[in-house]
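What follows is a short report on a single structure.
The values are calculated or read from the model by the stated rules, or taken from the named source; none is laboratory data. A quick note: this is a predicted structure, and the numbers were derived from the prediction, not measured. Heads up, the Cβs are rebuilt from the backbone with ideal geometry, glycines too, and the neighbour counts pull from every protein chain shown. SASA here: full protein model, heavy atoms, side chains in, ligands and nucleic acids out. Shrake-Rupley method; radii C 1.70, N 1.55, O 1.52, S 1.80 Å.
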Amino acid sequence: PLCLVVVISFFDYQTYDILIPDFVTFNYEDVFTSNVTYATYLITLKFCVIVWAITAVLGFFVAYFLAFHVHSLRAQIALFLVCTIPFWTSIVIRMISWIPLLGRNGLVNDALIAAGVVSEPQEWLLYSEFAVVLGYVHLYTLFMVVPIFNSMLRIDKALIEAATDAGAGTWQ
């Protein structure tokens, strides 16, 4: 299928018509000379960096809590399974479920108005860059938690105790 896509990408076309077998390069010229393409790549890169940073921080702290503050293996497994519960539903359903929460008449807007923080519903909560980042963070945080948690479980507890006995602080 990938080879077929590459071959067809060099075909000529007419708007809303069938592809014309031909070897043309203007398809690639349009992609690489368009400012829209570069803007799209930059926005995508921005979202990637922001989501990666947030999921790295969240994933680290969740994994750290599970690995070092929950001492019972049974409790670790139970809390880890609680983290996986959202994966029992479809990605589409999980993304659509943000609408009643962040929408114009959603729970967040109702709470902000009731608390007197804002006087009218906030439109930036949904269908915005904030919502995109929030959705991706919701979607990918567990994929950050799992490898960090597995790595932290492999750290020998005796090493941590020896470091504490040698005078190492919490962050060290």
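Does Thr84 meet the test of being in contact (Cβ under 8 Å) with a residue 40 or more places away in the chain, farther than 25 Å from Thr44 by Cα and either more than 23 Å from the chain's Cα centre (by Cα) or in a helix (DSSP H, G or I) (or both)? In short, yes. Among the conditions (1) part of a loop (DSSP other than H, G, I, E, B); (2) more than 25 Å from Val51 (Cβ to Cβ), Tyr127 misses just one, which is (2).
Here's the yes/no breakdown for (1) of a type in the set (Gly, Ala, Ser); (2) open to solvent by 80 Å² or more (accessible area, probe 1.4 Å); (3) free of Cβ contacts under 8 Å to residues at least 24 places away in the same chain:
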| site | (1), (2), (3) |
| --- | --- |
| Phe68 | no, no, no |
| Gln76 | no, no, yes |
| Trp88 | no, yes, yes |
| Met95 | no, no, no |
| Glu120 | no, yes, yes |
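Inside segment 32-65, residues that are open to solvent by 60 Å² or more (accessible area, probe 1.4 Å), of a type in the set (Val, Ile, Thr) and free of Cβ contacts under 8 Å to residues at least 60 places away in the same chain make up a count of 7.
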